[in-house]
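The values are calculated or read from the model by the stated rules, or taken from the named source; none is laboratory data. Here the structure is a predicted model, which means the values were calculated and not measured. Positions of Cβ are backbone-derived with ideal geometry, glycine not excepted, and every protein chain shown enters the neighbour counts.
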Amino acid sequence: MISEGLVDEVVWAVQSLDQDPGGGGRVVPLHSAEFIEILHRAKYLLNSAHFPHYFRKRPGQVYIQTWHGTPLKKIANDVPATSLSNQYRDLMSREVESWDLLLAQSPQAGALLARAFEYEGPLLQTGYPRNDVFFNAEQMQKLRDEFRAEYGIQDHQKVVLYAPTWRDNAGSGIAGAGYEEINLPQILDALGGQSRVLLRGHSNTRSFDRTVADDRILDVSGLSNLAQLIAASDLLITDYSSMFFDYMLTGKQIVAFVPDLETYVSTTRGTYFDYEQTFPGPIARTNLELVQILTHRISSAANPAEIVEDVCSSEHGDATERTLDWLRGYVS
(Lines give C-alpha, C1' and ligand atoms only; values in the text may rest on other atoms or scores of the structure.)
Protein backbone atom coordinates (compact mmCIF):
# COMPACT_ATOMS: atom_id res chain seq x y z
CA MET A 1 0.00 0.00 0.00
CA ILE A 2 2.95 2.30 0.64
CA SER A 3 4.54 1.57 -2.75
CA GLU A 4 1.18 2.21 -4.40
CA GLY A 5 1.03 5.64 -2.78
CA LEU A 6 -2.18 4.80 -0.98
CA VAL A 7 -0.71 5.37 2.49
CA ASP A 8 2.37 6.95 4.07
CA GLU A 9 2.82 4.28 6.73
CA VAL A 10 1.45 0.95 7.96
CA VAL A 11 0.72 0.39 11.65
CA TRP A 12 0.05 -2.97 13.31
CA ALA A 13 -1.85 -3.27 16.60
CA VAL A 14 -0.28 -6.00 18.77
CA GLN A 15 -0.81 -7.47 22.21
CA SER A 16 2.90 -7.13 23.00
CA LEU A 17 5.60 -4.94 21.45
CA ASP A 18 7.88 -7.95 21.00
CA GLN A 19 5.47 -9.35 18.43
CA ASP A 20 6.52 -9.03 14.79
CA PRO A 21 3.62 -9.57 12.40
CA GLY A 22 5.96 -9.35 9.40
CA GLY A 23 5.41 -7.27 6.31
CA GLY A 24 7.04 -4.08 7.54
CA GLY A 25 5.47 -1.11 9.27
CA ARG A 26 5.56 -0.26 12.95
CA VAL A 27 3.72 -1.76 15.89
CA VAL A 28 1.67 -0.13 18.65
CA PRO A 29 0.15 -1.77 21.74
CA LEU A 30 -3.52 -2.68 21.41
CA HIS A 31 -5.75 -0.42 23.56
CA SER A 32 -2.95 2.11 24.12
CA ALA A 33 -3.60 5.85 23.70
CA GLU A 34 -1.52 5.76 20.51
CA PHE A 35 -3.57 2.87 19.15
CA ILE A 36 -6.85 4.67 19.84
CA GLU A 37 -5.56 7.83 18.17
CA ILE A 38 -4.40 5.94 15.06
CA LEU A 39 -7.62 3.93 14.93
CA HIS A 40 -9.52 7.22 14.78
CA ARG A 41 -7.45 8.93 12.07
CA ALA A 42 -6.40 5.99 9.83
CA LYS A 43 -7.73 6.09 6.29
CA TYR A 44 -7.68 2.31 5.79
CA LEU A 45 -8.57 -0.31 8.37
CA LEU A 46 -7.76 -4.00 7.91
CA ASN A 47 -8.76 -6.68 10.38
CA SER A 48 -9.00 -10.46 10.44
CA ALA A 49 -11.43 -10.52 13.37
CA HIS A 50 -12.88 -7.39 14.98
CA PHE A 51 -11.86 -4.12 16.59
CA PRO A 52 -12.40 -3.38 20.32
CA HIS A 53 -15.90 -2.66 21.57
CA TYR A 54 -15.23 1.08 21.67
CA PHE A 55 -14.45 1.31 17.95
CA ARG A 56 -16.75 3.41 15.80
CA LYS A 57 -15.93 3.91 12.14
CA ARG A 58 -15.75 7.55 11.14
CA PRO A 59 -16.79 8.99 7.74
CA GLY A 60 -14.13 8.52 5.08
CA GLN A 61 -12.52 5.43 6.57
CA VAL A 62 -12.34 2.24 4.47
CA TYR A 63 -12.63 -1.03 6.40
CA ILE A 64 -11.50 -4.27 4.71
CA GLN A 65 -12.38 -7.44 6.61
CA THR A 66 -10.00 -10.31 5.78
CA TRP A 67 -11.40 -12.67 8.43
CA HIS A 68 -9.08 -15.35 9.83
CA GLY A 69 -9.92 -18.28 7.63
CA THR A 70 -12.63 -20.18 5.87
CA PRO A 71 -14.96 -21.43 8.60
CA LEU A 72 -15.04 -25.14 9.31
CA LYS A 73 -16.74 -24.67 12.67
CA LYS A 74 -19.92 -22.62 12.74
CA ILE A 75 -19.51 -18.91 13.41
CA ALA A 76 -21.49 -15.79 14.31
CA ASN A 77 -25.25 -16.20 13.87
CA ASP A 78 -24.92 -19.88 12.98
CA VAL A 79 -23.47 -20.82 16.39
CA PRO A 80 -25.80 -22.40 18.98
CA ALA A 81 -27.12 -19.77 21.40
CA THR A 82 -25.45 -21.42 24.40
CA SER A 83 -21.99 -21.32 22.79
CA LEU A 84 -21.69 -17.62 21.96
CA SER A 85 -22.39 -14.64 24.21
CA ASN A 86 -24.91 -11.96 23.35
CA GLN A 87 -22.16 -9.41 23.91
CA TYR A 88 -20.07 -10.90 21.10
CA ARG A 89 -23.10 -11.19 18.82
CA ASP A 90 -23.91 -7.50 19.37
CA LEU A 91 -20.30 -6.48 18.78
CA MET A 92 -20.10 -8.38 15.49
CA SER A 93 -23.45 -7.05 14.33
CA ARG A 94 -22.10 -3.52 14.76
CA GLU A 95 -18.79 -4.44 13.12
CA VAL A 96 -20.45 -5.86 10.01
CA GLU A 97 -22.20 -2.56 9.41
CA SER A 98 -18.75 -0.94 9.15
CA TRP A 99 -17.25 -3.34 6.59
CA ASP A 100 -16.64 -1.95 3.11
CA LEU A 101 -15.26 -5.21 1.75
CA LEU A 102 -15.15 -8.85 2.86
CA LEU A 103 -12.52 -11.23 1.47
CA ALA A 104 -12.98 -14.98 1.03
CA GLN A 105 -11.02 -17.99 -0.23
CA SER A 106 -13.73 -19.16 -2.62
CA PRO A 107 -17.33 -18.54 -3.68
CA GLN A 108 -18.42 -21.26 -1.25
CA ALA A 109 -16.55 -19.69 1.66
CA GLY A 110 -17.83 -16.25 0.72
CA ALA A 111 -21.41 -17.42 0.83
CA LEU A 112 -20.90 -19.02 4.26
CA LEU A 113 -19.31 -15.90 5.74
CA ALA A 114 -21.89 -13.53 4.28
CA ARG A 115 -24.77 -15.63 5.58
CA ALA A 116 -23.29 -16.15 9.04
CA PHE A 117 -22.66 -12.43 9.52
CA GLU A 118 -25.75 -11.29 7.61
CA TYR A 119 -23.42 -9.21 5.45
CA GLU A 120 -24.77 -7.77 2.20
CA GLY A 121 -21.87 -5.57 1.07
CA PRO A 122 -19.07 -6.08 -1.49
CA LEU A 123 -17.47 -9.54 -1.39
CA LEU A 124 -14.15 -10.28 -3.08
CA GLN A 125 -13.30 -13.94 -3.65
CA THR A 126 -9.58 -13.53 -4.17
CA GLY A 127 -8.12 -15.73 -1.46
CA TYR A 128 -6.30 -14.09 1.45
CA PRO A 129 -3.36 -11.71 0.89
CA ARG A 130 -1.60 -13.24 3.92
CA ASN A 131 -1.53 -16.57 2.05
CA ASP A 132 0.27 -15.27 -1.03
CA VAL A 133 3.59 -16.18 0.58
CA PHE A 134 2.70 -19.89 0.40
CA PHE A 135 3.04 -19.69 -3.39
CA ASN A 136 6.55 -18.21 -3.21
CA ALA A 137 9.12 -20.93 -2.52
CA GLU A 138 11.95 -18.46 -1.98
CA GLN A 139 10.07 -16.47 0.64
CA MET A 140 8.93 -19.64 2.39
CA GLN A 141 12.49 -20.93 2.61
CA LYS A 142 13.64 -17.57 3.98
CA LEU A 143 10.95 -17.62 6.68
CA ARG A 144 11.84 -21.21 7.58
CA ASP A 145 15.56 -20.51 7.81
CA GLU A 146 15.11 -17.34 9.88
CA PHE A 147 12.81 -18.97 12.43
CA ARG A 148 14.91 -22.08 12.86
CA ALA A 149 18.08 -20.03 13.23
CA GLU A 150 16.49 -17.82 15.88
CA TYR A 151 15.30 -20.77 17.97
CA GLY A 152 18.27 -23.06 17.45
CA ILE A 153 16.46 -25.66 15.35
CA GLN A 154 18.59 -27.46 12.78
CA ASP A 155 17.32 -28.07 9.28
CA HIS A 156 17.28 -31.85 9.76
CA GLN A 157 15.09 -31.69 12.87
CA LYS A 158 11.41 -32.52 12.32
CA VAL A 159 9.12 -29.77 13.57
CA VAL A 160 5.46 -30.36 14.40
CA LEU A 161 3.13 -27.37 14.60
CA TYR A 162 0.33 -28.12 17.08
CA ALA A 163 -2.43 -25.54 16.74
CA PRO A 164 -5.77 -26.43 18.34
CA THR A 165 -8.76 -24.14 18.47
CA TRP A 166 -10.61 -23.44 21.72
CA ARG A 167 -13.73 -24.99 23.21
CA ASP A 168 -16.63 -22.60 23.76
CA ASN A 169 -18.29 -24.86 26.30
CA ALA A 170 -15.25 -25.35 28.56
CA GLY A 171 -15.36 -21.93 30.20
CA SER A 172 -12.15 -20.26 31.30
CA GLY A 173 -9.15 -22.39 32.00
CA ILE A 174 -6.98 -24.96 30.34
CA ALA A 175 -9.89 -27.14 29.21
CA GLY A 176 -10.95 -24.46 26.76
CA ALA A 177 -7.54 -24.45 25.15
CA GLY A 178 -8.03 -27.77 23.39
CA TYR A 179 -4.74 -29.38 24.41
CA GLU A 180 -5.29 -30.90 27.81
CA GLU A 181 -5.69 -34.39 26.36
CA ILE A 182 -2.79 -34.53 23.93
CA ASN A 183 0.49 -36.10 25.09
CA LEU A 184 3.12 -34.04 23.31
CA PRO A 185 6.16 -35.63 25.02
CA GLN A 186 4.90 -39.07 23.97
CA ILE A 187 4.58 -37.86 20.39
CA LEU A 188 8.12 -36.47 20.44
CA ASP A 189 9.48 -39.69 21.91
CA ALA A 190 7.84 -41.65 19.10
CA LEU A 191 9.14 -39.35 16.38
CA GLY A 192 12.66 -39.25 17.82
CA GLY A 193 15.48 -37.62 15.90
CA GLN A 194 15.55 -34.44 17.98
CA SER A 195 12.02 -33.56 16.88
CA ARG A 196 10.41 -30.36 18.21
CA VAL A 197 6.85 -29.19 18.76
CA LEU A 198 5.67 -25.62 18.23
CA LEU A 199 2.62 -25.14 20.46
CA ARG A 200 0.34 -22.37 19.26
CA GLY A 201 -2.75 -21.78 21.36
CA HIS A 202 -5.83 -19.95 20.10
CA SER A 203 -5.93 -16.20 20.75
CA ASN A 204 -8.72 -16.77 23.30
CA THR A 205 -6.48 -19.05 25.36
CA ARG A 206 -3.09 -17.34 25.22
CA SER A 207 -3.32 -16.21 28.84
CA PHE A 208 -3.70 -19.80 30.08
CA ASP A 209 -0.77 -21.59 31.66
CA ARG A 210 0.88 -23.78 29.05
CA THR A 211 4.00 -24.58 31.07
CA VAL A 212 5.46 -27.87 29.88
CA ALA A 213 8.55 -29.34 31.52
CA ASP A 214 10.04 -30.41 28.21
CA ASP A 215 12.50 -28.21 26.34
CA ARG A 216 11.56 -29.91 23.08
CA ILE A 217 8.22 -28.04 23.20
CA LEU A 218 8.29 -24.37 22.28
CA ASP A 219 5.27 -22.21 23.13
CA VAL A 220 4.78 -19.87 20.18
CA SER A 221 1.28 -18.72 21.08
CA GLY A 222 2.47 -15.13 21.43
CA LEU A 223 4.02 -14.99 17.96
CA SER A 224 1.83 -13.21 15.45
CA ASN A 225 3.57 -14.19 12.18
CA LEU A 226 1.65 -17.37 11.45
CA ALA A 227 3.20 -17.72 7.99
CA GLN A 228 6.61 -18.12 9.60
CA LEU A 229 5.36 -20.90 11.88
CA ILE A 230 3.83 -22.68 8.90
CA ALA A 231 7.05 -22.29 6.91
CA ALA A 232 9.23 -23.52 9.79
CA SER A 233 7.16 -26.65 10.47
CA ASP A 234 7.03 -29.95 8.62
CA LEU A 235 3.52 -31.02 9.58
CA LEU A 236 0.43 -29.70 11.33
CA ILE A 237 -1.63 -31.30 14.09
CA THR A 238 -4.89 -29.47 14.63
CA ASP A 239 -8.58 -30.07 15.27
CA TYR A 240 -11.37 -27.70 14.20
CA SER A 241 -9.17 -24.72 13.37
CA SER A 242 -9.63 -23.26 9.90
CA MET A 243 -5.84 -23.03 9.77
CA PHE A 244 -5.78 -26.40 8.04
CA PHE A 245 -7.31 -24.85 4.90
CA ASP A 246 -4.35 -22.43 4.75
CA TYR A 247 -1.76 -25.07 5.69
CA MET A 248 -3.08 -27.31 2.94
CA LEU A 249 -1.76 -24.80 0.39
CA THR A 250 1.81 -25.79 1.35
CA GLY A 251 1.32 -29.45 0.46
CA LYS A 252 2.63 -30.56 3.87
CA GLN A 253 1.06 -33.31 5.97
CA ILE A 254 -1.91 -32.47 8.20
CA VAL A 255 -3.23 -34.68 11.00
CA ALA A 256 -6.33 -34.23 13.15
CA PHE A 257 -6.43 -34.94 16.88
CA VAL A 258 -10.10 -34.82 17.90
CA PRO A 259 -10.91 -36.85 21.03
CA ASP A 260 -14.15 -34.87 21.36
CA LEU A 261 -15.29 -35.05 17.73
CA GLU A 262 -18.84 -36.25 18.28
CA THR A 263 -19.51 -33.79 21.13
CA TYR A 264 -17.98 -30.85 19.31
CA VAL A 265 -19.94 -31.45 16.13
CA SER A 266 -23.26 -32.21 17.78
CA THR A 267 -23.24 -29.87 20.79
CA THR A 268 -20.28 -27.55 21.31
CA ARG A 269 -20.13 -25.59 18.06
CA GLY A 270 -21.13 -27.63 15.05
CA THR A 271 -19.46 -27.61 11.62
CA TYR A 272 -20.42 -26.54 8.13
CA PHE A 273 -19.01 -29.67 6.53
CA ASP A 274 -18.95 -33.35 7.37
CA TYR A 275 -15.69 -33.38 9.31
CA GLU A 276 -14.56 -36.90 8.46
CA GLN A 277 -15.26 -36.35 4.76
CA THR A 278 -13.62 -32.92 4.66
CA PHE A 279 -10.45 -33.09 6.72
CA PRO A 280 -7.47 -33.44 4.32
CA GLY A 281 -5.55 -36.04 6.30
CA PRO A 282 -5.79 -38.85 8.85
CA ILE A 283 -7.91 -38.41 11.98
CA ALA A 284 -6.88 -39.58 15.46
CA ARG A 285 -9.16 -39.75 18.48
CA THR A 286 -6.56 -41.03 20.96
CA ASN A 287 -2.88 -40.41 21.63
CA LEU A 288 -2.13 -44.00 20.58
CA GLU A 289 -3.80 -43.48 17.21
CA LEU A 290 -1.92 -40.21 16.79
CA VAL A 291 1.44 -41.84 17.46
CA GLN A 292 0.60 -44.69 15.07
CA ILE A 293 -0.27 -42.20 12.33
CA LEU A 294 2.89 -40.15 12.83
CA THR A 295 5.09 -43.26 12.83
CA HIS A 296 3.31 -44.62 9.74
CA ARG A 297 1.77 -47.60 11.51
CA ILE A 298 -1.61 -46.31 10.34
CA SER A 299 -2.01 -45.07 6.78
CA SER A 300 -1.55 -41.33 6.55
CA ALA A 301 -2.89 -40.90 3.03
CA ALA A 302 -4.77 -37.63 2.72
CA ASN A 303 -8.51 -37.63 2.20
CA PRO A 304 -9.04 -36.41 -1.39
CA ALA A 305 -12.33 -34.72 -0.55
CA GLU A 306 -13.33 -32.34 -3.33
CA ILE A 307 -14.90 -29.94 -0.89
CA VAL A 308 -11.47 -28.90 0.46
CA GLU A 309 -10.30 -27.93 -3.01
CA ASP A 310 -13.53 -26.02 -3.55
CA VAL A 311 -13.07 -24.03 -0.35
CA CYS A 312 -9.61 -22.79 -1.44
CA SER A 313 -10.41 -22.41 -5.14
CA SER A 314 -9.61 -18.68 -5.27
CA GLU A 315 -6.11 -19.03 -3.77
CA HIS A 316 -3.53 -18.47 -6.51
CA GLY A 317 -0.90 -16.30 -4.81
CA ASP A 318 -2.20 -13.01 -6.21
CA ALA A 319 -4.75 -12.00 -3.56
CA THR A 320 -2.78 -8.90 -2.54
CA GLU A 321 -2.73 -7.49 -6.04
CA ARG A 322 -6.39 -8.31 -6.65
CA THR A 323 -7.40 -6.64 -3.38
CA LEU A 324 -5.37 -3.56 -4.29
CA ASP A 325 -7.11 -3.48 -7.68
CA TRP A 326 -10.44 -3.30 -5.88
CA LEU A 327 -9.15 -0.60 -3.54
CA ARG A 328 -7.81 1.54 -6.39
CA GLY A 329 -11.22 1.44 -8.01
CA TYR A 330 -13.03 2.13 -4.74
CA VAL A 331 -11.06 5.28 -3.88
CA SER A 332 -10.81 6.67 -7.42
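Could you count how many residues in the range 228-253 are outside any loop (DSSP other than H, G, I, E, B) and in contact with a Ser or Thr (Cβ under 7 Å, 6 or more places away or on another chain)? First the steps, then the outcome.
Applying the first criterion (outside any loop (DSSP other than H, G, I, E, B)) to the range 228-253 yields 228-232, 235-238, 243-250, 253.
If we keep only those that are in contact with a Ser or Thr (Cβ under 7 Å, 6 or more places away or on another chain) too, we end up with 230, 244-245, 253.
Looking only at that region, the number is 4.
Of ALA76, ALA49, which residue is touching a Phe, Trp or Tyr at 6+ places or on another chain (Cβ under 7 Å), of a type outside the set (S, T, N, Q) and within 30 Å of ASP219 (Cα to Cα)?
Details: ALA49 fails: touching a Phe, Trp or Tyr at 6+ places or on another chain (Cβ under 7 Å).
Exactly one of ALA76, ALA49 is touching a Phe, Trp or Tyr at 6+ places or on another chain (Cβ under 7 Å), of a type outside the set (S, T, N, Q) and within 30 Å of ASP219 (Cα to Cα), namely ALA76.
Within the range 131-167, count every residue that is within 26 Å of LEU46 (Cα to Cα) and at pLDDT below 95.
Residues meeting the conditions: 4.
Any idea which of (1) within 30 Å of PHE273 (Cα to Cα); (2) at pLDDT 95 or above; (3) hydrophobic (A, V, I, L, M, F, W, C) is the one ALA81 doesn't satisfy?
(2)
In the range 240-284, what residues are among the polar types (S, T, N, Q) and under 23 Å from ALA227 (Cβ atoms)?
Here is the first cut: in the range 240-284, the ones among the polar types (S, T, N, Q) are 241-242, 250, 253, 263, 266-268, 271, 277-278.
If the condition is that a residue be among the polar types (S, T, N, Q) and under 23 Å from ALA227 (Cβ atoms), then SER241, SER242, THR250, GLN253 are the ones that fit.
This table checks each residue for (1) farther than 23 Å from GLN186 by Cα; (2) crowded, with 21+ Cβ neighbours inside 10 Å.
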| position | (1), (2) |
| --- | --- |
| LEU235 | no, no |
| PHE245 | yes, yes |
| LEU249 | yes, no |
| LEU261 | no, no |
| TYR264 | yes, yes |
| THR271 | yes, no |
| ASP274 | yes, no |
| LEU290 | no, yes |
| THR295 | no, no |
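Condition check ((1) farther than 22 Å from SER242 by Cα; (2) of a type in the set (Lys, Arg); (3) not assigned by TED's automatic domain parsing to the domain that holds TRP166) across all residues:
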position	(1), (2), (3)
SER32	yes, no, yes
ARG41	yes, yes, yes
PHE55	yes, no, yes
VAL62	yes, no, yes
LYS74	no, yes, yes
ASN77	no, no, yes
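Scan the range 265-281 for residues that are in contact with an Asp or Glu (Cβ under 8 Å, 6 or more places away or on another chain) and assigned to a helix (DSSP H, G or I) and report the count.
1
May I ask you to list the residues in the range 92-120 that are without any contact (Cβ under 8 Å) to a residue 60 or more places away in the chain, part of a helix (DSSP H, G or I) and surrounded by fewer than 16 Cβ atoms within 10 Å (Cβ to Cβ)? Quick ask: steps written out before the conclusion?
Quick first cut of the range 92-120, residues without any contact (Cβ under 8 Å) to a residue 60 or more places away in the chain only: 92-99, 102, 110-111, 113-120.
Pick out the ones that are also part of a helix (DSSP H, G or I) and you get 92-96, 110-111, 113-117.
Passing the criteria: SER93, ARG94, ALA111, ARG115.
In the range 257-292, which residues are in contact with a strand residue (DSSP E or B) (Cβ under 6 Å, 6 or more places away or on another chain) and aromatic (Phe, Trp, Tyr)?
Restricting attention to the range 257-292, the residues satisfying the condition of being in contact with a strand residue (DSSP E or B) (Cβ under 6 Å, 6 or more places away or on another chain) are 257, 265, 269, 271, 279-284, 290.
If the condition is that a residue be in contact with a strand residue (DSSP E or B) (Cβ under 6 Å, 6 or more places away or on another chain) and aromatic (Phe, Trp, Tyr), then PHE257, PHE279 are the ones that fit.
If you check THR82 against the conditions, is it part of a loop (DSSP other than H, G, I, E, B), among the polar types (S, T, N, Q) and in the same structural domain as ALA42 (by TED's automatic domain parsing)? Give the derivation first.
Numbers: part of a loop (DSSP other than H, G, I, E, B): no; among the polar types (S, T, N, Q): yes; in the same structural domain as ALA42 (by TED's automatic domain parsing): yes.
Answer is no for this residue.
Of the conditions (1) under 23 Å from the mean Cα position of the chain (by Cα); (2) in contact (Cβ under 8 Å) with a residue 24 or more places away in the chain, VAL27 satisfies every one except a single condition; which number is it?
(2) is the only condition that VAL27 fails.
GLN65 passes all but one of (1) touching a Ser or Thr at 6+ places or on another chain (Cβ under 6 Å); (2) surrounded by 15 or more Cβ atoms within 10 Å (Cβ to Cβ); which number fails?
(1)
Between TYR88, TYR54, which is of a type in the set (Ser, Thr, Tyr) and either part of a loop (DSSP other than H, G, I, E, B) or surrounded by 15 or more Cβ atoms within 10 Å (Cβ to Cβ) (or both)? Break it down stepwise before answering.
Numbers: TYR88 fails: either part of a loop (DSSP other than H, G, I, E, B) or surrounded by 15 or more Cβ atoms within 10 Å (Cβ to Cβ) (or both).
That would be TYR54, the only listed residue that is of a type in the set (Ser, Thr, Tyr) and either part of a loop (DSSP other than H, G, I, E, B) or surrounded by 15 or more Cβ atoms within 10 Å (Cβ to Cβ) (or both).
Hey, among THR295, THR271, which residue is modelled with pLDDT of 85 or more, β-branched (Val, Ile, Thr) and over 16 Å from LEU72 (Cβ atoms)?
The match here is THR295.
This table checks each residue for (1) under 20 Å from GLU321 (Cα atoms); (2) out of contact with any Cys (no Cβ under 6 Å at 6 or more places or on another chain); (3) aliphatic (A, V, I, L, M).
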site	(1), (2), (3)
VAL10	yes, yes, yes
SER16	no, yes, no
ILE38	no, yes, yes
TYR44	yes, yes, no
SER48	yes, yes, no
PRO52	no, yes, no
GLN65	yes, yes, no
